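Notes for the one structure printed next.
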Amino acid sequence: MYSKQKVWAVVIAISVSIFLTTHVQAGKSNNIFNDWQGKFVSREFVDEKPEMAAVFKKVAMEAKKMGKNYTVEQIRNIFKKMMQTDFCSISLNGDAITFYDKAKNMVTHRYKAIGKIPDSYGNHKFEWYAFEAVGKGVAFSPYRYIVMLKIHQHTNGQPHFHFRNSNKGGKALTEEYGMKNWWPTMVKPNFDIAAYAKNANPKLMAKLLP
């Protein structure tokens, strides 16, 4: 027969074990990127595909009506700069993001949420979700700070979200020079170029040209 003291000691030990196990598992499954889970590719590299030439040709025609004279390649380069990223794709899982370049080299960082940053574009107001990388090797990383918009889509468009990264924190990713014209765009790997070409708004795109 166990004494009452021994029974309570066993109960307490089991309770502590359950608490610690639950606590550790919760920490490991810190799913701060729940709204962005999965793999995405940068629109910059989608725009390089030959099929996009038809879209940029329509944009050139609309731009000409506005007194803007551009070739298809000039327009492609303008949008390439607007959506420029130093990675080709990203994979978000839990609290980690893995960045892949063209050679499929990768860098992975874990992140913590640090709040929201209000911003606007014309009359449109929105909030960026801000994150900071944690752990070793992040002090000089170009991905130390990131901001993202929620996944969304425009009329007849495809799901996407905008993403910026920098080694600087605070409002550097929203207020520094050039940020208002920098819109890296993440889309799913199965992005349908034919559907995009069909539903694109060349007139609106032409208005974005300088």
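The values are calculated or read from the model by the stated rules, or taken from the named source; none is laboratory data. Model, not experiment: these values are computed from the prediction. Note that we place each Cβ from the backbone using ideal geometry, even for glycine, and neighbour counts take in every protein chain shown.
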Considering the range 24-58, residues that are farther than 17 Å from residue 192 by Cβ, of a type in the set (A, V, I, L, M) and under 26 Å from the mean Cα position of the chain (by Cα), and then whichever is modelled with the lowest pLDDT, we arrive at 26
What are the residues in the range 150-182 that are more than 22 Å from residue 109 (Cβ to Cβ) and outside any strand (DSSP E or B), if any? 153, 154, 155, 156, 157, 158, 159, 175, 177, 178, 180, 181
For the range 89-116, how many residues meet the condition of being closer than 23 Å to residue 181 by Cβ and either modelled with pLDDT under 95 or surrounded by fewer than 16 Cβ atoms within 10 Å (Cβ to Cβ) (or both)? 1
Considering only the range 169-204, state which residues are surrounded by 12 or more Cβ atoms within 10 Å (Cβ to Cβ) and either under 15 Å from residue 145 (Cβ atoms) or not assigned by TED's automatic domain parsing to the domain that holds residue 150 (or both). 169, 170, 171, 172, 173, 174, 176, 179, 182, 184
Members of the range 166-196 found to be without any contact (Cβ under 8 Å) to a residue 40 or more places away in the chain, under 14 Å from residue 117 (Cα atoms) and touching a helix residue (DSSP H, G or I) at 6+ places or on another chain (Cβ under 9 Å), listed by number: 172, 179
Closer than 24 Å to residue 35 by Cα and out of contact with any strand residue (DSSP E or B) (no Cβ under 8 Å at 6 or more places or on another chain): is that true of residue 157 in this structure? yes
Flag for residue 107 being over 14 Å from the mean Cα position of the chain (by Cα) and either assigned by TED's automatic domain parsing to the domain that holds residue 193 or at positive phi (or both): yes
Which residues, counting only those in the range 127-149, are surrounded by fewer than 19 Cβ atoms within 10 Å (Cβ to Cβ) and in a loop (DSSP other than H, G, I, E, B)? 135, 136, 137, 138, 139, 140, 141, 142
Could you say whether any residue in the range 168-183 is of a type in the set (S, T, N, Q) and over 18 Å from the mean Cα position of the chain (by Cα)? no
